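Notes to accompany the following structure.
The values are calculated or read from the model by the stated rules, or taken from the named source; none is laboratory data. A quick note: this is a predicted structure, and the numbers were derived from the prediction, not measured. Here the Cβ positions follow ideal geometry from the backbone for every residue, glycine too, while neighbour counts run over all protein chains shown.
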Amino acid sequence: MSDEKKVGFVGMGEVESHKEIREIGVGMLGYAFMGKAHSNGYLKMPYFFYPPPAKPKLVAIAGRKSAAVAEAARRYGYQTHYTDWRDVVKDDRIQLVDNGLPNDLHREPSIAAAEAGKDIFCEKPMAMSSREAKEMYDAVTKARVKNMVAYNYRFIPAIMLARQLISEGYLGRILQYRAAYLQEWIMDPNFPLVWRLSKKIAGSGALGDLGSHSIDLGRYLVGDVAAVSAMKKTFIDERPLLGEPSKKGKVDVDDAFIALLKFKNGAIGSVEASRFCAGRKNFQRIEVHGTEGSMYFNLERLNELQVYSRRDKEDRMGFKDIMATEVVHPLMKFWWPHGHMIGWEDTHVNQIYHLVDCIANDKKVDPLGATFYDGWKCDEICEAISLSSETEKWVSLPL
(Lines give C-alpha, C1' and ligand atoms only; values in the text may rest on other atoms or scores of the structure.)
Protein backbone atom coordinates (compact mmCIF):
# COMPACT_ATOMS: atom_id res chain seq x y z
CA MET A 1 0.00 0.00 0.00
CA SER A 2 1.39 3.39 -0.94
CA ASP A 3 2.02 6.13 1.63
CA GLU A 4 -0.72 8.16 -0.09
CA LYS A 5 -3.27 5.47 0.71
CA LYS A 6 -2.03 4.97 4.28
CA VAL A 7 -2.20 8.49 5.58
CA GLY A 8 -3.92 11.81 5.18
CA PHE A 9 -3.19 15.03 6.99
CA VAL A 10 -5.39 16.68 9.60
CA GLY A 11 -3.66 19.87 10.65
CA MET A 12 -0.21 18.78 11.80
CA GLY A 13 -0.99 15.12 12.43
CA GLU A 14 -1.42 11.95 10.41
CA VAL A 15 -4.46 9.69 10.31
CA GLU A 16 -5.43 6.50 8.56
CA SER A 17 -7.49 7.22 5.45
CA HIS A 18 -8.49 3.72 4.29
CA LYS A 19 -11.60 3.60 6.46
CA GLU A 20 -14.80 3.67 4.44
CA ILE A 21 -16.53 7.05 4.75
CA ARG A 22 -20.30 7.20 5.06
CA GLU A 23 -22.22 9.38 2.61
CA ILE A 24 -25.09 11.70 3.58
CA GLY A 25 -27.46 12.62 0.77
CA VAL A 26 -28.11 16.37 0.63
CA GLY A 27 -31.16 18.08 -0.85
CA MET A 28 -30.76 21.83 -1.37
CA LEU A 29 -33.74 24.18 -1.48
CA GLY A 30 -32.72 27.35 -3.32
CA TYR A 31 -29.82 28.05 -5.64
CA ALA A 32 -29.06 31.76 -5.17
CA PHE A 33 -26.82 33.42 -2.52
CA MET A 34 -27.12 30.84 0.25
CA GLY A 35 -27.52 27.95 -2.16
CA LYS A 36 -24.12 28.90 -3.54
CA ALA A 37 -22.55 29.41 -0.09
CA HIS A 38 -23.84 26.13 1.32
CA SER A 39 -23.06 24.10 -1.83
CA ASN A 40 -19.51 25.39 -1.67
CA GLY A 41 -19.40 24.31 1.97
CA TYR A 42 -20.52 20.76 1.20
CA LEU A 43 -17.94 20.49 -1.59
CA LYS A 44 -15.00 21.85 0.42
CA MET A 45 -15.65 20.30 3.82
CA PRO A 46 -14.56 16.70 3.09
CA TYR A 47 -11.06 17.58 1.91
CA PHE A 48 -10.31 20.23 4.54
CA PHE A 49 -11.82 18.28 7.45
CA TYR A 50 -10.13 15.10 6.34
CA PRO A 51 -11.11 12.39 6.90
CA PRO A 52 -14.62 13.79 7.21
CA PRO A 53 -17.12 12.32 9.68
CA ALA A 54 -19.25 11.72 6.59
CA LYS A 55 -19.17 12.90 3.01
CA PRO A 56 -22.04 15.08 1.77
CA LYS A 57 -23.46 13.68 -1.47
CA LEU A 58 -25.15 16.39 -3.55
CA VAL A 59 -28.30 14.56 -4.58
CA ALA A 60 -30.83 17.21 -5.60
CA ILE A 61 -31.39 20.96 -5.76
CA ALA A 62 -34.75 22.73 -6.10
CA GLY A 63 -35.80 26.15 -7.34
CA ARG A 64 -38.74 27.79 -9.07
CA LYS A 65 -37.12 28.47 -12.46
CA SER A 66 -36.37 25.29 -14.39
CA ALA A 67 -33.52 26.61 -16.53
CA ALA A 68 -31.81 28.37 -13.62
CA VAL A 69 -32.03 25.42 -11.24
CA ALA A 70 -30.81 23.05 -13.97
CA GLU A 71 -27.79 25.29 -14.46
CA ALA A 72 -27.20 25.37 -10.69
CA ALA A 73 -27.27 21.57 -10.61
CA ARG A 74 -24.63 21.44 -13.33
CA ARG A 75 -22.56 24.14 -11.67
CA TYR A 76 -22.37 22.55 -8.22
CA GLY A 77 -22.66 18.88 -9.19
CA TYR A 78 -26.14 17.91 -7.94
CA GLN A 79 -27.40 14.70 -9.52
CA THR A 80 -30.99 15.90 -9.91
CA HIS A 81 -32.90 19.17 -10.02
CA TYR A 82 -36.53 19.88 -9.16
CA THR A 83 -38.87 22.86 -9.45
CA ASP A 84 -40.91 21.82 -6.38
CA TRP A 85 -39.36 21.56 -2.90
CA ARG A 86 -41.76 18.70 -2.13
CA ASP A 87 -39.85 16.46 -4.52
CA VAL A 88 -36.71 16.98 -2.46
CA VAL A 89 -38.52 15.98 0.73
CA LYS A 90 -39.91 12.85 -0.98
CA ASP A 91 -36.55 11.79 -2.45
CA ASP A 92 -35.42 8.67 -0.56
CA ARG A 93 -31.77 9.31 -1.47
CA ILE A 94 -31.76 12.42 0.72
CA GLN A 95 -31.10 12.38 4.48
CA LEU A 96 -30.38 16.10 5.02
CA VAL A 97 -32.57 18.92 3.69
CA ASP A 98 -30.90 22.32 3.44
CA ASN A 99 -33.51 25.07 3.34
CA GLY A 100 -32.07 28.23 1.78
CA LEU A 101 -35.36 29.52 0.40
CA PRO A 102 -36.77 33.00 1.14
CA ASN A 103 -38.01 33.44 4.70
CA ASP A 104 -41.69 32.77 3.94
CA LEU A 105 -40.73 29.27 2.77
CA HIS A 106 -38.78 28.19 5.83
CA ARG A 107 -41.66 26.80 7.89
CA GLU A 108 -43.58 24.44 5.58
CA PRO A 109 -40.65 22.64 3.90
CA SER A 110 -38.76 22.28 7.20
CA ILE A 111 -41.75 20.76 8.98
CA ALA A 112 -42.42 18.45 6.03
CA ALA A 113 -38.80 17.31 6.03
CA ALA A 114 -38.93 16.61 9.77
CA GLU A 115 -42.11 14.59 9.36
CA ALA A 116 -40.32 12.60 6.63
CA GLY A 117 -37.55 11.80 9.13
CA LYS A 118 -34.91 13.97 7.47
CA ASP A 119 -32.41 16.15 9.28
CA ILE A 120 -32.83 19.90 8.64
CA PHE A 121 -30.46 22.80 8.06
CA CYS A 122 -32.39 26.08 7.73
CA GLU A 123 -31.28 29.58 6.83
CA LYS A 124 -31.85 32.52 9.17
CA PRO A 125 -34.02 34.12 10.37
CA MET A 126 -35.67 30.78 11.01
CA ALA A 127 -39.26 31.87 10.53
CA MET A 128 -41.65 34.73 9.80
CA SER A 129 -42.80 34.87 13.44
CA SER A 130 -42.06 33.31 16.79
CA ARG A 131 -45.27 31.27 16.43
CA GLU A 132 -43.99 29.72 13.20
CA ALA A 133 -40.58 29.16 14.77
CA LYS A 134 -42.17 27.32 17.70
CA GLU A 135 -44.07 25.09 15.26
CA MET A 136 -40.80 24.25 13.51
CA TYR A 137 -39.09 23.53 16.82
CA ASP A 138 -41.97 21.29 17.92
CA ALA A 139 -41.79 19.39 14.61
CA VAL A 140 -38.07 18.56 14.82
CA THR A 141 -38.40 17.71 18.53
CA LYS A 142 -41.24 15.28 17.84
CA ALA A 143 -39.41 13.71 14.88
CA ARG A 144 -36.08 13.57 16.80
CA VAL A 145 -34.13 14.75 13.77
CA LYS A 146 -30.95 16.79 13.86
CA ASN A 147 -31.61 20.46 13.24
CA MET A 148 -29.51 23.58 12.87
CA VAL A 149 -30.08 27.22 11.89
CA ALA A 150 -27.42 28.81 9.69
CA TYR A 151 -25.99 31.32 12.14
CA ASN A 152 -22.60 30.81 10.57
CA TYR A 153 -20.83 33.54 12.56
CA ARG A 154 -20.83 31.19 15.55
CA PHE A 155 -18.22 29.22 13.61
CA ILE A 156 -15.68 31.98 13.12
CA PRO A 157 -12.64 30.72 15.08
CA ALA A 158 -12.17 34.16 16.71
CA ILE A 159 -15.80 34.13 17.92
CA MET A 160 -15.42 30.56 19.19
CA LEU A 161 -12.28 31.69 21.03
CA ALA A 162 -14.23 34.62 22.51
CA ARG A 163 -16.88 32.24 23.85
CA GLN A 164 -14.19 30.00 25.29
CA LEU A 165 -12.45 32.88 27.08
CA ILE A 166 -15.75 34.21 28.43
CA SER A 167 -16.69 30.77 29.77
CA GLU A 168 -13.28 30.53 31.47
CA GLY A 169 -13.94 33.82 33.28
CA TYR A 170 -11.29 35.80 31.41
CA LEU A 171 -13.55 38.88 31.32
CA GLY A 172 -14.92 38.32 34.81
CA ARG A 173 -18.66 38.92 35.24
CA ILE A 174 -20.17 40.14 31.98
CA LEU A 175 -21.57 43.66 32.22
CA GLN A 176 -22.28 44.83 28.66
CA TYR A 177 -22.77 43.52 25.13
CA ARG A 178 -22.66 45.87 22.14
CA ALA A 179 -23.27 44.94 18.53
CA ALA A 180 -23.80 46.75 15.25
CA TYR A 181 -24.27 45.24 11.78
CA LEU A 182 -24.06 47.86 9.02
CA GLN A 183 -24.38 47.74 5.24
CA GLU A 184 -25.13 50.24 2.45
CA TRP A 185 -26.58 48.22 -0.42
CA ILE A 186 -30.09 49.76 -0.66
CA MET A 187 -29.26 53.45 -0.22
CA ASP A 188 -30.03 54.27 -3.87
CA PRO A 189 -33.75 55.29 -4.09
CA ASN A 190 -33.87 53.60 -7.51
CA PHE A 191 -32.80 50.23 -6.11
CA PRO A 192 -35.72 47.89 -6.95
CA LEU A 193 -38.26 46.37 -4.60
CA VAL A 194 -36.60 42.96 -4.14
CA TRP A 195 -38.08 40.28 -1.90
CA ARG A 196 -35.97 41.31 1.08
CA LEU A 197 -37.93 44.60 1.16
CA SER A 198 -41.33 42.89 1.36
CA LYS A 199 -42.79 41.95 4.74
CA LYS A 200 -44.93 39.24 3.13
CA ILE A 201 -41.81 37.35 2.02
CA ALA A 202 -39.01 38.51 4.33
CA GLY A 203 -40.96 39.16 7.53
CA SER A 204 -38.70 42.07 8.45
CA GLY A 205 -35.86 44.11 7.00
CA ALA A 206 -32.50 44.87 8.57
CA LEU A 207 -33.80 43.36 11.82
CA GLY A 208 -34.11 39.79 10.55
CA ASP A 209 -31.54 39.98 7.79
CA LEU A 210 -28.67 41.47 9.80
CA GLY A 211 -29.79 42.03 13.37
CA SER A 212 -30.67 38.39 13.96
CA HIS A 213 -26.97 37.50 13.57
CA SER A 214 -25.98 39.96 16.31
CA ILE A 215 -28.87 38.88 18.52
CA ASP A 216 -27.90 35.22 18.16
CA LEU A 217 -24.28 36.05 19.01
CA GLY A 218 -25.53 37.92 22.08
CA ARG A 219 -27.29 34.77 23.29
CA TYR A 220 -24.24 32.66 22.30
CA LEU A 221 -21.73 34.81 24.17
CA VAL A 222 -23.71 36.38 27.03
CA GLY A 223 -27.00 34.52 27.59
CA ASP A 224 -30.76 34.81 27.31
CA VAL A 225 -32.49 38.15 26.93
CA ALA A 226 -35.14 39.24 29.46
CA ALA A 227 -36.50 42.45 27.90
CA VAL A 228 -35.99 44.89 25.02
CA SER A 229 -36.70 48.50 24.12
CA ALA A 230 -36.33 49.49 20.49
CA MET A 231 -37.11 51.68 17.53
CA LYS A 232 -37.18 50.94 13.79
CA LYS A 233 -37.10 53.22 10.78
CA THR A 234 -37.84 52.95 7.07
CA PHE A 235 -36.01 55.70 5.18
CA ILE A 236 -37.37 55.03 1.68
CA ASP A 237 -40.95 53.79 1.69
CA GLU A 238 -41.45 53.35 -2.09
CA ARG A 239 -39.22 51.71 -4.68
CA PRO A 240 -39.38 50.75 -8.38
CA LEU A 241 -40.94 47.35 -8.99
CA LEU A 242 -38.51 44.66 -10.06
CA GLY A 243 -38.78 44.36 -13.84
CA GLU A 244 -41.19 47.33 -14.06
CA PRO A 245 -39.07 50.36 -13.08
CA SER A 246 -41.75 52.82 -14.18
CA LYS A 247 -44.03 51.56 -11.39
CA LYS A 248 -43.44 51.75 -7.65
CA GLY A 249 -44.36 49.56 -4.72
CA LYS A 250 -44.43 50.03 -0.97
CA VAL A 251 -41.48 49.11 1.24
CA ASP A 252 -43.03 47.73 4.42
CA VAL A 253 -39.96 46.52 6.34
CA ASP A 254 -37.39 48.38 8.42
CA ASP A 255 -34.26 49.86 6.88
CA ALA A 256 -32.64 50.24 10.31
CA PHE A 257 -33.28 49.50 13.98
CA ILE A 258 -31.69 50.19 17.35
CA ALA A 259 -32.48 48.15 20.47
CA LEU A 260 -31.54 48.09 24.14
CA LEU A 261 -31.33 44.70 25.82
CA LYS A 262 -31.64 43.46 29.38
CA PHE A 263 -30.05 40.02 29.79
CA LYS A 264 -31.37 37.56 32.35
CA ASN A 265 -27.96 37.40 34.04
CA GLY A 266 -28.03 41.15 34.76
CA ALA A 267 -25.89 42.32 31.83
CA ILE A 268 -27.15 45.07 29.57
CA GLY A 269 -26.67 45.48 25.84
CA SER A 270 -27.36 47.32 22.63
CA VAL A 271 -27.90 45.94 19.14
CA GLU A 272 -28.39 47.88 15.93
CA ALA A 273 -28.46 47.14 12.22
CA SER A 274 -28.84 49.25 9.12
CA ARG A 275 -28.69 48.89 5.37
CA PHE A 276 -28.22 52.68 5.03
CA CYS A 277 -24.66 53.23 6.24
CA ALA A 278 -22.63 54.75 3.42
CA GLY A 279 -19.28 53.04 3.00
CA ARG A 280 -20.17 50.03 5.13
CA LYS A 281 -20.15 46.87 3.01
CA ASN A 282 -20.52 44.07 5.55
CA PHE A 283 -19.42 45.59 8.84
CA GLN A 284 -20.35 43.80 12.04
CA ARG A 285 -18.90 44.96 15.36
CA ILE A 286 -19.19 42.90 18.53
CA GLU A 287 -17.99 44.12 21.93
CA VAL A 288 -18.23 42.34 25.27
CA HIS A 289 -17.26 44.11 28.51
CA GLY A 290 -16.79 42.46 31.89
CA THR A 291 -15.47 43.26 35.34
CA GLU A 292 -11.96 42.04 34.39
CA GLY A 293 -11.65 42.85 30.70
CA SER A 294 -13.11 43.50 27.27
CA MET A 295 -13.26 41.99 23.79
CA TYR A 296 -13.76 43.51 20.36
CA PHE A 297 -14.50 41.74 17.06
CA ASN A 298 -14.93 43.12 13.53
CA LEU A 299 -16.39 40.80 10.89
CA GLU A 300 -14.39 42.53 8.16
CA ARG A 301 -11.25 41.36 10.01
CA LEU A 302 -12.68 38.01 11.00
CA ASN A 303 -9.39 36.29 11.85
CA GLU A 304 -8.69 38.76 14.67
CA LEU A 305 -9.96 39.14 18.23
CA GLN A 306 -8.93 42.14 20.31
CA VAL A 307 -8.77 41.50 24.05
CA TYR A 308 -7.94 43.59 27.10
CA SER A 309 -7.37 42.44 30.66
CA ARG A 310 -7.25 44.55 33.81
CA ARG A 311 -5.09 41.79 35.29
CA ASP A 312 -2.13 42.69 33.07
CA LYS A 313 0.76 44.55 34.64
CA GLU A 314 0.54 48.31 34.24
CA ASP A 315 3.36 48.44 31.70
CA ARG A 316 1.63 45.77 29.59
CA MET A 317 -1.91 47.12 29.63
CA GLY A 318 -3.77 47.79 26.39
CA PHE A 319 -5.79 45.90 23.81
CA LYS A 320 -3.96 42.94 22.27
CA ASP A 321 -4.79 41.73 18.78
CA ILE A 322 -4.96 37.93 18.74
CA MET A 323 -4.66 36.37 15.28
CA ALA A 324 -6.91 33.35 15.75
CA THR A 325 -5.05 31.32 13.14
CA GLU A 326 -2.88 29.09 15.32
CA VAL A 327 -3.43 25.34 15.30
CA VAL A 328 -4.59 25.61 18.94
CA HIS A 329 -7.45 27.94 18.00
CA PRO A 330 -10.91 26.44 17.34
CA LEU A 331 -11.11 24.48 14.06
CA MET A 332 -7.91 26.01 12.67
CA LYS A 333 -6.03 22.70 12.67
CA PHE A 334 -8.12 21.74 9.64
CA TRP A 335 -7.14 24.75 7.55
CA TRP A 336 -3.78 26.30 6.62
CA PRO A 337 -0.40 26.72 8.37
CA HIS A 338 -0.53 29.28 11.18
CA GLY A 339 -0.87 32.89 10.14
CA HIS A 340 -2.80 32.04 6.97
CA MET A 341 -6.29 33.48 6.86
CA ILE A 342 -9.70 31.97 6.33
CA GLY A 343 -12.59 33.99 4.88
CA TRP A 344 -16.35 34.51 5.02
CA GLU A 345 -17.13 31.52 2.83
CA ASP A 346 -15.16 29.26 5.17
CA THR A 347 -17.52 29.96 8.07
CA HIS A 348 -20.07 27.95 6.10
CA VAL A 349 -17.59 25.10 5.66
CA ASN A 350 -17.01 25.12 9.43
CA GLN A 351 -20.70 25.03 10.30
CA ILE A 352 -21.40 22.27 7.76
CA TYR A 353 -18.60 20.19 9.26
CA HIS A 354 -20.19 20.60 12.69
CA LEU A 355 -23.64 19.57 11.45
CA VAL A 356 -22.37 16.59 9.47
CA ASP A 357 -20.31 15.44 12.47
CA CYS A 358 -23.40 15.69 14.69
CA ILE A 359 -25.45 13.66 12.20
CA ALA A 360 -22.80 11.01 11.53
CA ASN A 361 -21.78 10.53 15.18
CA ASP A 362 -25.11 11.34 16.87
CA LYS A 363 -23.75 14.37 18.73
CA LYS A 364 -25.66 17.34 20.08
CA VAL A 365 -25.81 20.32 17.74
CA ASP A 366 -25.90 22.79 20.63
CA PRO A 367 -24.30 24.63 22.32
CA LEU A 368 -21.85 25.34 19.50
CA GLY A 369 -24.45 25.26 16.74
CA ALA A 370 -27.76 27.13 16.76
CA THR A 371 -30.58 24.59 16.97
CA PHE A 372 -34.21 25.26 16.07
CA TYR A 373 -34.67 26.12 19.75
CA ASP A 374 -32.08 28.86 19.38
CA GLY A 375 -33.70 30.00 16.16
CA TRP A 376 -37.05 30.22 17.93
CA LYS A 377 -35.60 32.21 20.84
CA CYS A 378 -33.86 34.59 18.42
CA ASP A 379 -37.11 35.10 16.51
CA GLU A 380 -38.86 35.86 19.81
CA ILE A 381 -36.36 38.63 20.49
CA CYS A 382 -36.76 40.04 16.96
CA GLU A 383 -40.53 40.03 17.42
CA ALA A 384 -40.20 41.76 20.79
CA ILE A 385 -38.03 44.43 19.16
CA SER A 386 -40.72 45.05 16.54
CA LEU A 387 -43.43 45.21 19.20
CA SER A 388 -41.40 47.60 21.31
CA SER A 389 -40.88 49.89 18.33
CA GLU A 390 -44.61 49.93 17.63
CA THR A 391 -45.71 50.49 21.24
CA GLU A 392 -42.73 52.62 22.33
CA LYS A 393 -42.53 50.49 25.49
CA TRP A 394 -40.21 47.93 27.03
CA VAL A 395 -41.28 44.39 26.06
CA SER A 396 -40.48 41.40 28.27
CA LEU A 397 -39.59 37.91 27.03
CA PRO A 398 -40.88 35.30 26.43
CA LEU A 399 -43.76 36.86 24.56
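Within the range 347-374, take every residue that is under 21 Å from LEU221 (Cα atoms) and of a type in the set (Asp, Glu) and give me the one that is surrounded by the most Cβ atoms within 10 Å (Cβ to Cβ). By that ranking, first place goes to ASP374. Among the conditions (1) surrounded by 14 or more Cβ atoms within 10 Å (Cβ to Cβ); (2) out of contact with any strand residue (DSSP E or B) (no Cβ under 9 Å at 6 or more places or on another chain); (3) not hydroxyl-bearing (Ser, Thr, Tyr), the only one that LYS57 does not satisfy is (2).
Looking across MET34, MET28, MET45, one residue alone is under 19 Å from the mean Cα position of the chain (by Cα), closer than 21 Å to LEU105 by Cα, crowded, with 24+ Cβ neighbours inside 10 Å and aliphatic (A, V, I, L, M). It is MET28. If HIS348 passes every condition in (1) under 14 Å from the mean Cα position of the chain (by Cα); (2) assigned to a loop (DSSP other than H, G, I, E, B) but one, which one does it miss? HIS348 satisfies all of (1) under 14 Å from the mean Cα position of the chain (by Cα); (2) assigned to a loop (DSSP other than H, G, I, E, B) except (2).
Taken across the range 65-82, residues that are buried (at least 22 other Cβ atoms within 10 Å of the Cβ) and of a type in the set (S, T, N, Q) do not occur at all. Are any of the residues in the range 207-216 outside the structural domain of LEU101 (by TED's automatic domain parsing) and over 27 Å from ARG131 (Cβ atoms)? Looking through the range 207-216, none of the residues is outside the structural domain of LEU101 (by TED's automatic domain parsing) and over 27 Å from ARG131 (Cβ atoms).
When the range 222-273 is limited to residues that are touching a helix residue (DSSP H, G or I) at 6+ places or on another chain (Cβ under 9 Å) and of a type in the set (Phe, Trp, Tyr), the one that is surrounded by the fewest Cβ atoms within 10 Å (Cβ to Cβ) turns out to be PHE263.
The set of residues in the range 261-283 that are outside any loop (DSSP other than H, G, I, E, B), of a type outside the set (D, E, K, R) and closer than 19 Å to LYS233 by Cα comprises LEU261, SER270, VAL271, ALA273, SER274. Of the helices (runs of 4 or more DSSP H) lying entirely inside the range 157-242, those containing at least 2 residues that are within 13 Å of ALA259 (Cβ to Cβ) and in contact (Cβ under 8 Å) with a residue 12 or more places away in the chain are 212-221. Restricting attention to the range 376-391, does a residue exist that is of a type in the set (Lys, Arg), in the same structural domain as GLY172 (by TED's automatic domain parsing) and within 30 Å of PHE49 (Cβ to Cβ)? Checked the range 376-391: at least one residue is of a type in the set (Lys, Arg), in the same structural domain as GLY172 (by TED's automatic domain parsing) and within 30 Å of PHE49 (Cβ to Cβ). Taken together, ILE385, ILE359 contain a single residue that is aliphatic (A, V, I, L, M), in a helix (DSSP H, G or I), at pLDDT 95 or above and over 30 Å from GLY25 (Cβ atoms), which is ILE385. Residues of the range 43-94 that are of a type in the set (A, V, I, L, M, F, W, C), touching a Pro at 6+ places or on another chain (Cβ under 9 Å) and closer than 21 Å to CYS358 by Cα: LEU43, MET45, ALA54, VAL89. Does GLU304 satisfy the criteria of being more than 11 Å from LEU161 (Cα to Cα), among the charged types (D, E, K, R) and either more than 21 Å from the chain's Cα centre (by Cα) or in the same structural domain as LEU221 (by TED's automatic domain parsing) (or both)? The answer is no for GLU304. Set side by side, the residues ALA114, ALA133 differ, and just one is crowded, with 24+ Cβ neighbours inside 10 Å, more than 17 Å from the chain's Cα centre (by Cα) and outside any loop (DSSP other than H, G, I, E, B), which is ALA114.
Of the helices (runs of 4 or more DSSP H) lying entirely inside the range 1-105, those containing at least 2 residues that are at pLDDT 95 or above are 33-48, 66-76, 85-90. When each of SER294, SER309 is tested for being of a type outside the set (A, V, I, L, M, F, W, C), surrounded by fewer than 23 Cβ atoms within 10 Å (Cβ to Cβ), at pLDDT 95 or above and over 20 Å from ASN152 (Cβ atoms), the lone residue that passes is SER294. All of (1) more than 22 Å from ARG301 (Cβ to Cβ); (2) touching an Asp or Glu at 6+ places or on another chain (Cβ under 6 Å); (3) in a strand (DSSP E or B); (4) not hydroxyl-bearing (Ser, Thr, Tyr) hold for PHE257 with one exception: (2). Among residues of the range 70-90 that are assigned by TED's automatic domain parsing to the domain that holds GLY27 and in contact (Cβ under 8 Å) with a residue 60 or more places away in the chain, those with a beta-carbon under 9 Å from a residue that is of a type in the set (Phe, Trp, Tyr) and surrounded by 16 or more Cβ atoms within 10 Å (Cβ to Cβ) at least six positions away or on a different chain give the pairs VAL88/TYR82.
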